[in-house]
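The values are calculated or read from the model by the stated rules, or taken from the named source; none is laboratory data. Please read these numbers as outputs of a predicted model, since none were measured by experiment. With ligands, DNA and RNA removed, areas are computed over all heavy atoms of the protein, side chains included. Shrake-Rupley method; radii C 1.70, N 1.55, O 1.52, S 1.80 Å.
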Amino acid sequence: MPLFLNIETLANGPVELKGELSPEELEMETLDELVEANQPLGYDLTAERTGENVLLRGSLWMRLQCECARCLRRFEHHIDLPDWSCLLPLAGAEKIELTGVSADLTPYLREDTFLAFPQHPLCEPGCGKTPKRTGGGGKPLKMREASVEPGEASVWSKLDNLNLE
Ligand SMILES: [Zn+2]
């Protein structure tokens, strides 16, 4: 169910909020066909009243199904916001919308998680940066690190063959 916070309960001290928001509740639109947000957003938060604000603090996490923008390999991207915080004003022009005494926190979690989405998903940092073999004259280029898995190396040699055609 959506994440509602009863503002009045904060008068008794901080409130713990733990759970998951399903993709349906998030209504997350990724606007990027390489990123699929089809898994729940997890949260473990503390809400507390600080003056005329509610302070939300804690961690957010989500797994995304991505396709590498360069090699098209599918991989899972983990979003982890371990020190997330958000200040929700209860008064003033920016004050949050209440339904009775409850605030729907879903949009705030959704927004910051969305901002953490990869703009240009890569299966690993540096994917696709193959050393140039032609041209000569330049500095000798290092081959890819030895830690590369054999499976991926073969993908690269296939790509190299394509380049030659
Ligand atoms: Zn890749």
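Derived scalar couplings between HN and Hα for the range 56-72 equal 9, 9, x, 10, 10, 8, 7, 10, 10, 8, 10, 10, 4, 5, 10, 10, 6 Hz in order, rounded to whole Hz, by the Karplus curve 6.51 cos²θ - 1.76 cosθ + 1.60 (θ = phi - 60°), x for Gly and Pro.
If the segment from residue 46 to residue 94 were pulled out straight at 0.36 nm per residue, it would be longer than the present Cα-Cα gap by 15.1 nm. Centre-to-centre, using Cα atoms only, the range 9-24 and the range 36-87 are separated by 15 Å.
With 0.36 nm allotted per residue and the present C-alpha distance subtracted, the residue 76-residue 30 stretch has 15.1 nm of extension available. Annotation: amide H of residue 17 within the under-5 Å range of 45, 46, 47, sequence separation 5 or more or interchain, hydrogens built in the peptide plane. Taking θ as phi - 60° and the Karplus parameters 6.51, -1.76 and 1.60, the scalar couplings of the range 102-107 work out to 10, 10, 7, 8, 3, x Hz in sequence order, x denoting glycine and proline. With all protein chains kept in place, the per residue accessible area of the range 4-115 amounts to 58 square angstrom at a probe of 1.4 angstrom.
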